[in-house]
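Nothing in this text is a laboratory measurement; each read-out follows from the coordinates by a stated rule. Because the structure is a prediction, the values reported are computed rather than measured. Neighbour counts are summed over all protein chains in view; Cβ atoms, including those assigned to glycine, are modelled from backbone coordinates with ideal geometry.
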Amino acid sequence: MEQSWRQAKNAFAALGVPPVAWLIFFFMIPLAVVWAYSFGTNAGPTEIDLTGTFANYGRSLQPLYFDIFVKSSIVAGLTTLLCLIVGFPVALAIAFAGPRTKTWLLLLIMLPFWTNLLIRTYALIAVLREQGYVNFTAEWFWNNASGLMTAVGLQPLGDFHPMTLLYNNAAVVIGLVYVHLPFMVLPLYAALDRMDRSLMEASLDLGAGHLRTIWSVVVPLAAPGIASGVLITFIPALGAYLTPDLLGGTDSQMIANVIERQFKRANDWPFGAALSFLLMYLTFIAIAIQAVVQRRGAKVGAA
Amino acid sequence: MSIAEPVATIERAPPKREKPGPLEYLRRWPLQAIVGATLIFLYAPLITLMAFSFNTSRRNIVWEGFTLDWYGRAMNDDSLVQAFVNSLTIALICTIVSVILGAMSAVLLWRFRFPGKTALEGSLALPIVVPEICMGVAMLVFFARIFPWPTGMPWPLNLGAITIAHISFSFPFVTTVVRARLASFNRELEEAAKDLGADEWRTFWDVLVPHMMPGLVSGALLAFTLSLDDFVITFFTAGPDTITFPVKVYSMLRFSVTPEVNAASTILIVVTVLFTALGLQLQSQAEKQKPKP
């Protein structure tokens, strides 16, 4: 049973003051300052007047910036969807593997997650660029197919032109999937692992096929895990900076890149602050939606 | 069928040819193919990166021969070594402070009822969910306008701003992990210690801390990797003399891609994997040492 703080005021203060003070001073105040700046105007190279204007938010909604918000949401949404499509079967296979295999597979999925994000993104560049492995493999198949076609008396395919896999939107999505896949697999695995398997056996015994069982039994039961996997993938993907910066082209900027530009190169802090807070509100909206879905799921489960 | 079932479960290692059981999804080829492809997708780039750090060719394209040259160059690159030392120093300080703050807040939330508890829980969740870029700019503004970190401080004090930023986003993770661990604590043990004459402090150290230990270890591991991994927030708080390893690698990438970057990255990957393995080992030891009831 929890104790009332009045019963041990000294212990309460000793435990509470350092973390709370840290959180307020080194987290809340910095965010509050950014929030205040989002209602300010530039008054000089380093001065910002807190005029209480909404002009920065107004500017954020102009088509140029609004489109970037829409685009970032689409890219993050697509990333989440792809992670779900790939991650679900992987999580299913891990959840139903033997105990030893399971430990190893989980470790293998988690290991890249412990590796530096920048290094992983850099590693992907070497694979995707024009003289990278994907193109080498494609060239090999192309040349073999070409040789085969000459052998059977058809026109050869002509020279192989390497595909441009980098510096475009597709590269950003591939990169984001690459980086966020473990985020999706782990919560899905956790949900599938604690699921009541007898329900699946019942479904199979009653004549449903595997796909049908997965679709009408496993997916509804794992819904809370799916919802948290989706959220945990969507939020960092939405605010991704490094992946679009390194893998994207000039037109693949996401919100985070625009924010960075306002703070570093364009030196327009109030506008950057407004964009940051809009991104934060979007994140909170995503969390709220997830909470509602989760609650509804719990109600359905209880009924 | 129902008579045959128990027999199937008793049989420990079914012969290879046998059809996979209804729920043995890993023994079905479509899933094996997906798992295999996913692992290739996850590992091929990393293995390629590591392999080419040993390549004699300057261009990361064709394998020409084995060399350790790039490692030599990376080791002799003073700014790279400095960045590496900075990163490890920051990660170490961040881990220590985060574990202390995280453990304190976890015990606070676990032990006490107090007004504003929900608000505190919510605020502690914020650094976990707020996008990195927002936290990065917040730290930039904070250290530029509100609390300028004195420049020209001797090493490692000049790393203060980055370290503070890292602690701010790491310690709430420790709180979450330790709190989850505390949920399994039997409060009667604490009462027993007090009945037997231990004071508040003694009870905390001899009863509560040993129980928290696995949580503290995994929290420390998490804080260490989060700090070592962070690029975005550091990018906004780092000054010209306070470069961390990821920031340094980023600027090298912008400038030119040489196998030296591969060598440096390989070192970091190996260091991280070793620390993780050590941490997991410590964690399982701490769990085993749990006093038997």
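Once backbone amide H atoms are built at 1.01 Å from N, B:Phe112 has A:Gln3 as its partners under 5 Å, excluding neighbours fewer than 5 places away on the same chain.
Long hydrophobic helices in chain A: the complete DSSP H runs spanning 30 Å or more by Cα along their own axis with mean Kyte-Doolittle hydropathy of at least -1.0 are A:63-95, A:169-193, A:269-302.
Summarising the label geometry, the points placed 7 Å from Cα in the beta-carbon direction at B:Trp201 and B:Ile100 lie 1.6 nm from one another.
Among complete DSSP H helices in chain B, those whose alpha-carbon atoms stretch at least 24 Å along the helix's long axis and whose mean Kyte-Doolittle hydropathy reaches 0.5 are B:29-52, B:78-111, B:160-182, B:209-229, B:259-288. Of the trypsin sites (Lys or Arg not before Pro) found in the stretch A:227-303, those that fall in a DSSP loop while having at most 16 other beta-carbon atoms within 10 Å are A:Lys264, A:Arg265. The fewest-to-most ranking of B:Lys117, A:Lys9 by surrounding Cβ atoms within 10 Å reads A:Lys9, B:Lys117. Going from the fewest other Cβ atoms within 10 Å to the most, the residues B:Arg27, B:Arg254, A:Arg197 appear in the order B:Arg254, A:Arg197, B:Arg27.
For the segment A:86-97, counting C-beta atoms of other chains within 10 Å of every residue's C-beta and taking the mean gives 5. Less than 5 angstrom separates the built amide H of B:Asn55 from those of B:Thr67, all sequence-distant by 5 or more or on a different chain. Take chain B, connect every pair of alpha-carbon atoms lying under 10 Å apart with a spring to form a Gaussian network, then pick out the residue of B:Leu221, B:Leu278, B:Leu80 with the largest mean-square fluctuation. In the Gaussian network model the winner is B:Leu278. Shielding of peptide A:4-10 by partners, expressed as the average count of other chain Cβ atoms within 10 Å per residue Cβ, is 3.
A straight line joining the Cα centroids of the stretch A:205-222 and the stretch A:258-280 runs 47 Å. Quick check: the distance between the Cα centres of the stretch A:10-87 and the stretch B:181-241, to the nearest angstrom? With the stretch A:10-87 and the stretch B:181-241 each reduced to a Cα centre, they are spaced 29 Å. The stretch B:157-179 and the stretch A:134-156 have Cα centres separated by 55 Å.
Rounded to the nearest 500, the 222 nm mean residue ellipticity of the protein assembly as shown from helices alone is -23000 deg cm²/dmol, with -39,500 (n - 2.57) taken per DSSP H run of at least 4 residues.
Which entries of B:Lys117/B:Lys288; A:Lys71/A:Lys264; A:Lys9/B:Lys117 show an alpha-carbon separation above 24 angstrom in the structure shown? In this structure, B:Lys117/B:Lys288 exceed 24 Å between Cα atoms. Overall, the protein assembly as shown carries a charge dipole of about 980 debye about its Cα centre when +1 sits on the Cβ of Lys and Arg and -1 on the Cβ of Asp and Glu, all other atoms neutral. Taking every C-alpha pair closer than 8 Å and separated by at least 6 residues, the mean separation divided by the residue count of the stretch B:72-288 gives a relative contact order of 34 percent. When the Gaussian network model of chain A links Cα atoms closer than 10 Å, the mean-square fluctuations of A:Leu118, A:Leu15, A:Leu242 top out at A:Leu15.
The GNM of chain A, with springs linking C-alpha atoms under 10 angstrom apart, assigns the highest mean-square fluctuation among A:Gly40, A:Gly16, A:Gly147 to A:Gly16.
Close amide-amide hydrogen proximity is noted between A:Ile48 and A:Ala43, each under 5 Å apart and 5 or more residues distant or on a separate chain (H modeled in the peptide plane; Pro and chain starts excluded). Relative protection proxy for B:43-54, B:131-142, from highest mean packing down: B:131-142, B:43-54 (other beta-carbon atoms within 10 angstrom).
Counting only other chain Cβ atoms within 10 Å of each residue's Cβ, the peptide A:104-116 averages 6.
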